[in-house]
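Here is the structure we will look at, set down as structure tokens.
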Amino acid sequence: MIFNHEKNILELLNIAIDAGKEILNIYNNEIIVNSKEDKSPITQADINSNDIIVNRLKKLESNIPILTEESVVEWKNRKDWIKYWLIDPLDGTKEFINRNGEFTVNISFIENNYPIFGIIYSPVKSLLYYALKNNGCYKLKTNSNLTTLKNFNKINIHKEKNITTKVIGSRSHSSKEFLNWVKKKFTNFELITIGSSLKFCILAEGKADIYPRFGPTSEWDIAAGHIILEEAGGKLKTIDNKDILYNTKDDILNPHFIAYGNLSKVD
């Protein structure tokens, strides 16, 4: 198995870091924005990051299929996949375009419709997170390639005793439904807005308590954050408290969900 060897995990982490470096090269120069067929924005950074990740993953393990936001595979060709890579090469393209630093590289591995490995890398913040099922969640501040896993810090959700519930909202995709739900659920809350999969990392570190999402998201947006959050002691469920599974249908849209950090604050 690919995750049984430290050198493979290091290579995967370095793939994310190298993709992040390429994204920063464009971020620090001119950003040209184009539109996809669905009118969502795309930049050369999305494309270049995607190419780096896909090419490197194929060299690492050529027989594992890959699904990315920029390389979508038709349902008829992926419906029988047992194992595959699920990638968002630049999560938070709007944040990238707005140059607020809140974008990430997301790499995850899905097995039997569930993420068992995930990486989230924030190039601007130089923050690298990864998690492996039943092996914990880890964080490192770095912008350099890695030769060892020894410098990572294991992170767990800490149960804070303050009364205020810290609720995460999307910086670019808020809604009335979200605000109404929060106001109905909590009498004393603090709203934290942030872009991309960094929301899951904040939950995993215990810096926020809950992230309800009522707007549209795709499977590659949340898979890495899903395993990172769970390995830190949180959970991710649909709005009606069911498990979130991957590659079970034609479209790649997620149901509305709630990501829980400090469970004692929101149960």
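Readers should treat all values here as calculations from the given coordinates under stated rules, not as data from a laboratory. Predicted, not measured: the structure shown is a model, and the values here were computed from it. Backbone-built Cβ (ideal geometry, glycine too); neighbour counts: all protein chains shown.
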Study note, to complete from the structure: Note on region 165-266, DSSP bridge orientation, antiparallel percent to nearest 5 equals 60
Check your understanding: Order of V33, V182, V167 from fewest to most other C-beta atoms within 10 Å?
Key -> V33, V182, V167
Exercise for review: Under a cut-off of 24 Å between alpha-carbon atoms, report the lysines in cross-link reach of K185, not counting same-chain residues fewer than 8 places apart.
Suggested key: K159, K161, K166, K176, K199, K207, K235, K237, K242, K265
Point to revise | Computed E for H158/N14 - FRET, C-beta separation, R0 41 angstrom, nearest 0.05 | key: 0.90
Practice item. Report ³J(HN,Hα) in whole Hz for each residue of region 32-43, in order, from the Karplus equation J = 6.51 cos²θ - 1.76 cosθ + 1.60 where θ = phi - 60°; Gly and Pro get x. Key: 9, 9, 10, 10, 7, 4, 8, 6, 6, x, 9, 10
Revision key, fill the gap. Per the helix-only model, the chain has a calculated mean residue ellipticity at 222 nm (DSSP H runs of ≥4, -39500 (n - 2.57) each, divided over all residues, rounded to the nearest 500) of -9000 deg cm²/dmol
Review point. Gap in Å between the Cα centre of region 186-218 and the Cα centre of region 44-113?
Key: 22
Check your understanding: D250 label point, 7 Å along Cα→Cβ, cut-off 13 Å on backbone N: hits in region 198-232?
Key -> none
